[in-house]
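The values are calculated or read from the model by the stated rules, or taken from the named source; none is laboratory data. Predicted model only: the values in this text are computed from it and were never measured. Cβ: placed from backbone, ideal geometry, glycine included. Neighbour counts: every protein chain shown. SASA here: full protein model, heavy atoms, side chains in, ligands and nucleic acids out. Shrake-Rupley method; radii C 1.70, N 1.55, O 1.52, S 1.80 Å.
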Amino acid sequence: MSPLEVVQIEVGLLQNFCEVIGCPVTGEAALVDPAFEVDRLVAAATKRGWTVSTILLTHTHDDHIAGLDEAAQRTGAVVRCHPIEVETARQQAPDVRPVEDRENVLIGQGRLQALYTPGHMPGCICWYLPETGAVVTGDVLFVGSIGGVKYPQSDPSAMVDSLQRVLGSLPEETRVYPGHDYGKTPTSTLAWEFVHNPALQVDDADAFRKRYGR
Ligand SMILES: [Zn+2]
Ligand SMILES: [Zn+2]
């Protein structure tokens, strides 16, 4: 497997980050969360000589899939997401396929591994790029904070597990690409987050629920 290249693009009015992720060897590429300004996302791929074959979703909150119908139509890409998000995604794109936990989605000569990370929503996925040393965290982890766990479907205990056990088991130098530009910097590393992010200091489920839950 060779490393994939990650291009981070801020779109829309909610400071959403989308990623265009390509294989520099074959030019095959994926879009993560085509939220808004699909023109800019497609142009970023085209400019690099990349062809988008796949759209990856971190979850199906509106601010992450507002541009999904347009992106799917323009690229003809297959959409990959958590099984419980498939139905929602199919309202916008014709070819949606569920991805298993730890499944590798191949892009050219590289891969993104689906990490199930419930908590913010039950169908949240972080997309891990082992050879690049990067993880796209959606609304699970932001730079210096985390996604909300006050939705009716949120689960604060699952969130602690996703943050501490799933993300906490990745190499600490892994670069974090969050779903929103809410931090001091557009990206960080897991090492930085585990020292500076207050939500990552609370590893006890009860304490976490008291502080962040409903
Ligand atoms: Zn969300
Ligand atoms: Zn969001």
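Surface composition of the chain: carbon plus sulfur atoms contribute 49% of the solvent-accessible area (1.4 Å probe, protein chains only, all chains present).
Taking the longest Cα principal axis of the chain as reference, the axis of helix 38-47 is set at about 60 degrees. Remark: the Cα gyration tensor places the stretch 1-147 in the rounded category, a/c being less than 1.5. Please give the contour-minus-distance gain from Thr185 to Glu172: 0.36 nm per residue of separation, less the Cα-Cα distance, rounded to one decimal in nm. Working it through step by step, the gained length comes to 2.9 nm.
A crude spin-label estimate for the pair Val25 and Ile84, with each label 7 Å from Cα along the Cβ direction, gives 3.7 nm. Taking Cβ atoms as reference points and 15 Å as the exclusive limit, the residues near Tyr151 contribute a net charge of -2, counting Lys and Arg as +1 and Asp and Glu as -1. Put a plus charge on the Cβ of each Lys and Arg, a minus charge on the Cβ of each Asp and Glu, and nothing anywhere else: the dipole of the chain about its Cα centre is then about 120 debye. For Leu141, the amide hydrogen comes within under 5 Å of the amide hydrogens of Gly147, Gly179, counting only partners 5 or more places away or on other chains and with H modelled in the peptide plane. For the stretch 85-91, 3J(HN,Hα) computed residue by residue from phi via the Karplus equation (6.51, -1.76, 1.60; θ = phi - 60°) reads 9, 4, 4, 4, 5, 5, 6 Hz, glycine and proline entered as x.
Placing a pseudo-label 7 Å from each Cα along the Cα-to-Cβ vector at Thr51 and Asp95 gives an inter-label distance of 1.2 nm. Can you tell me how the stretch 66-147 classifies by the Cα gyration tensor, rounded, prolate or oblate, using a/c under 1.5 as the rounded cut? Oblate, since a/c reaches 1.5 and b/c is not below a/b.
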